1. Name the residue, out of Asp48, Asp106, Asp249, whose mean-square fluctuation peaks in a Gaussian network model built on the chain with Cα pairs under 10 Å.
2. Against the 2.2 N^0.38 Å scaling, with N counting residues, where does the stretch 231-306 land? I'd like the Cα-based Rg ratio to two decimal places.
3. What nm distance separates the two modelled labels at Asp293 and Asn161, each placed 7 Å from Cα along Cα→Cβ?
4. Using a 7 Å offset from the Cα along the Cα-to-Cβ direction at both His303 and Ile227, what is the distance between the two label points in nm, to one decimal?
5. So if R0 is 51 Å, what FRET efficiency would Glu47 and Asn244 give, r being the distance between their Cβ atoms, rounded to the nearest 0.05?
6. Could you tell me the largest-minus-smallest coordinate of the C-alpha atoms of the stretch 154-225 on each of the three principal axes, in descending order and whole angstroms?
7. In sequence order, what are the phi-derived ³J(HN,Hα) couplings for the stretch 282-298 according to the Karplus relation 6.51 cos²θ - 1.76 cosθ + 1.60 with θ = phi - 60°, rounded to whole Hz, with x for glycine and proline?
8. To the nearest 0.05, what FRET efficiency results for Lys285 and Ser170 with a Förster distance of 41 Å applied to their C-beta separation?
Amino acid sequence: MFLSVGKNYQSDQNMSENNTLKNYCNECDKDTSHIVLEQHSWYSDPEDYDHSQYHKLVKCLGCDNVSLRIEDHDLFFTVQNNDGEWIPDITIKNYPKKLQNHKKIDHDYLIPQLVRNIYKEVLLTLQEDAKILSSLGLRACIESVCNHLEITGGNLATRINKLSTAGYISKKDAERLHAIRFMGNDSAHEIKAPKGGSLKIALEIVEHLLKSVFILPEQANGYLDTIVDKYELFETLLEKHLTNFNNGDEYPLYHFFEKDWRRVQDFISNFQTELIENINNSNFKLLEIGKKDVNQKGDEIQHFIIKRYEVTE
Ligand SMILES: [Zn+2]
């Protein structure tokens with residue numbers, strides 16, 4: 001029976017009388033007070049190993065974020081607290097999962113899609129504590145940056161050095177990237193898991209690389225968060241976004257621009273008219289005119305088809 005460890009023991013010794021507990025909040029990115037909205041309890045058969053499980057739907061009292069907290073209580077291993085109560089060993093998992101105490105890169109949409117996909121997968125492996133795959137993934141991130149920049153070389157060591165000599169990163173940065181390369185080598189060849197702390201540092205180094213190569217130059221160029229009011233700038237920005245799509249993709253303009261849509265939408269009607277003219281007179285060759293859909297409000301939504309970026313193997 002679940003109460004066998006002590007008559008005062010509750011499903012969570014931290015839960016106060018008003019049904020609140022401390023829990024990690026993904027939005028606040030720290031432990032905050034949460035209220036338990038619903039709870040489902042399960043207890044093992046008294047004849048079996050003595051443990052219990054609690055599914056709690058909890059809401060952060062700071063930001064109202066709702067998450068699922070699952071507590072596993074091992075009633076076989078208990079320790080006595082200062083009040084003489086026997087407290088079981090509790091394992092807590094929160095869903096959706098998130099890499100705790102990690103701040104996502106701002107403006108990550110500026111990172112090219114392929115590189116961004118690998119980076120996002122690395123975050124997934126880190127939050128699952130899959131150390132070997134995280135280490136391989138961090139190395140793959142560096143490889144993908146080199147590929148994107150068309151930095152060639154017989155091996156990754158050469159390519160990292162070229163990143164530095166080409167001026168994308170500093171010499172110190174290159175030294176740090178070599179450390180990640182070694183870590184990736186150990187994981188790949190010796191199937192050796194790196195220590196958790198070193199992975200955290202490696203992630204910071206890779207994020208620094210992504211920021212230096214893809215985000216800071218954009219900020220410096222004034223491309224960030226400014227309203228685009230000139231057609232030439234609109235076209236430059238459009239060309240940049242089109243590299244994230246494949247040949248034959250057909251979408252309305254807002255889909256190509258992703259988050260940068262907010263920067264162009266004030267003048268979009270004029271921009272689109274001029275773009276269509278330029279496509280028709282072959283001054284803009286990356287797109288062709290696509291279909292027209294009608295949205296719920298009855299507005300016509302012009303689509304465009306990518307025609308320049310051919311898929312290469
Ligand atoms: Zn919160």
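The values are calculated or read from the model by the stated rules, or taken from the named source; none is laboratory data. On a predicted model such as this, the values are computed, not experimentally measured, just so you know. Cβ placement follows ideal geometry from the backbone for every residue including glycine, while neighbour counts extend to all protein chains displayed. Surface areas here come from the heavy atoms of the whole protein model, side chains and all, with no ligands, DNA or RNA. Shrake-Rupley method; radii C 1.70, N 1.55, O 1.52, S 1.80 Å.
1. Of Asp48, Asp106, Asp249, the most mobile in the Gaussian network model is Asp48.
2. Values: Rg = 11.7 Å, N = 76, 2.2 N^0.38 = 11.4 Å.
Rounded to two decimals, the normalised Rg is 1.03.
3. Distance between the two pseudo-spin positions: 5.1 nm.
4. About 3.1 nm, to one decimal.
5. E between Glu47 and Asn244, to the nearest 0.05, is 0.30.
6. 45, 28, 17
7. So the Karplus estimates, Gly and Pro as x, are 6, 7, 10, 10, 7, 10, 10, 6, x, 6, 10, 9, 10, 7, 4, 7, x Hz.
8. Values: r = 38 Å, r/R0 = 0.92.
Plugging the Cβ-Cβ distance into 1/(1 + (r/R0)^6) gives 0.65.
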